[in-house]
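Single-structure report; data block below.
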Amino acid sequence: AWMEGEPLDVPRLLWTPEGKPRLAVLSIAHLSDAERMFFVTLLLNEVIAWMRTQPGTSSLRALLYMDEVFGYFPPTANPPSKTPMLTLLKQARAFGVGVVLATQNPVDLDYKGLSNAGTWFLGRLQTERDKARVLDGLEGASASQGSGFDRKRIETILSGLGSRVFLMNNVHDNAPVLFQTRWALCYLRGPLTRSQIQTLTASRRTAAPVDSSPPAAPVVSLPAVPAASPVATVAAMPAAPSVAPAAASAGAARPVVPPGVVERFWHTSAGSPAYQPALLGTAQLHFVDAKTDVDHWEPARRLVLLGEDAGADPWQSATTISDAPELDTEPVPGATFAPLPPAAARPKSYAAWEKQLASRLYRDVRLTLHTIPALKLTSQPGESEADFRIRAGQAAREQRDQAVEKLRAAYGQKLQRLQERIRTAEAGVERERSQYQQQWLQTGISIAATVLGAISRRKMASIGNVGRATTAARGVGRATQKKQAVGRATESVETLRQQVAQLEAEFEAETRKLGELHHPDRLEVQPIQLPPRKSDLTVAPVQLIWVPQGVLPTGPGL
């Protein structure tokens, strides 16, 4: 099972052959403890090896999530999985790789890893040891970021968490956030067994073509492929040549080749091969384009079998060779040879064939690149469209994150000014309310004094009673004015709060707009065809190659 099935290749797990991101689920529930540790260690090291080939970025490139991390990252023991796990927690963020670990008991995790975790989601903790370990980790993470940490306040919050209530602590935020998850009903029966995984992925395994390209399955289960259905493939070499050669006569002698013609023999381990003549042309193509900043040299090799007649232009049926073949200067002893076409026995023909090869390469060969005008990004020579889409998607996310940060800074200043105005307005409301209460208190005292004075003197229309009544009436008027001032101040606060809500809604809308604008699926990829520079096209002398029958493959590549 370890030698068959889907290969453990991180890019294939993260992206489809078309460059689309996907989710890969690696199930180890059916393995023994030793096999689980072996596989997890192997996977983590593969992630690290791939991670170090990526350029640095501040945007998220990939996410590694591991559930039930107990036993793989202990505080005291040193299992094989601990070192790569700690390496990821310390270094992965610089490469845009996020790590999410889930466990029920924080005391089972190494403190070095806890101190490198920047975002925490904490639920109800059952023991004081778990609480103490979490507080130590939070304090260490905050200290590493240079932010403050209120240990006593966090401890109080953790002690009072209820069911489905969590505390999110981000070292980049000013304060932790409490939130409650929705109540959800799950119909899943639990962890899948190995046979159930095979049943779920049977259609994907049978539909996947048996070649070297990665399958398009959105979910990968390792190592769940049974031994009876391996995915590993061996490429077979077709034996039929692209041009039917002249039949080699039994015991035919080696033809005489005139001086000045380079003659080579295809390397073979056959005892007595039957050679057939062929032409090998090699050239260097130079592709230059100032707009896309391309300056690329590329070799071109063409091999064509010769029949009884070489024809006016033998390169019409030539086969493209990607790598230089292994050639010998002498044939295998006892080999037989097919007749050499008359044109191949004349040195002048090879000079003409060189010119024809140069003309055909300049006319037919193009360097295909891909570009995304919105990002001002162009693929590199030799970079596939899928790899280019992956790189462009990361560039789009980086541009989106930069744009969102600029947007957040601009809206943050406006929001800060509004919040300052709200604080000033709220202070004004409190001041007006206090003055209103004092005014009503003074008015009440004046009214009470007027009534008591009138009762005690038995003269309602006395000068003193009239003056006190007038003062009380004025106090009522001033209290009414203060009440109106309180109402106006309260309305001002509500208006400012509505402006804050509107500003936040505008920020969310602009953020979504940026996300849609920089979404990888919305990026238009356009092909570019670059011709070689004619003045730099150089063709090496055409060689006469004797190829054993049955070893030359057909098709566009060798």
Charge tally for neighbours of Arg423 with beta carbon under 12 Å away, counting Lys, Arg as +1 and Asp, Glu as -1, is 0
Give me the Debye-computed log₁₀ of I(q)/I(0) at q = 0.12, 0.13, 0.26 Å⁻¹ for the stretch 95-179, equal point scatterers on Cα only, no solvent, two decimals. -0.32, -0.37, -1.61
How big, in percent, is the set of alpha carbon pairs in the stretch 2-60 lying more than 13 Å apart? 71 percent
Could you give the distance between the Cα centres of the stretch 336-394 and the stretch 504-551, to the whole Å? 15 Å
For the stretch 357-438, size of Cβ-based charge dipole, Lys and Arg +1, Asp and Glu -1, in debye: 220 debye
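Going by accessible area, probe 1.4 Å, with all protein chains left in place, what is the ranking of Lys355, Lys90, largest first?
Values: Lys355 155, Lys90 105 Å².
If we order Lys355, Lys90 from most to least accessible, we get Lys355, Lys90.
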Distance in Å, no decimals, from the C-alpha centre of the stretch 153-175 to the one of the stretch 256-309 is 70 Å
Straight-line reach from Lys82: which lysines have a Cα under 19 Å away, not including same-chain ones fewer than 8 places off? Lys90, Lys112
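The values are calculated or read from the model by the stated rules, or taken from the named source; none is laboratory data. Keep in mind it's a predicted model, so treat the numbers as computed, not measured. We place every Cβ from the backbone using ideal geometry, glycine too, and count neighbours over all the protein chains shown. Note: areas computed on protein heavy atoms with side chains; ligands, DNA, RNA excluded. Shrake-Rupley method; radii C 1.70, N 1.55, O 1.52, S 1.80 Å.
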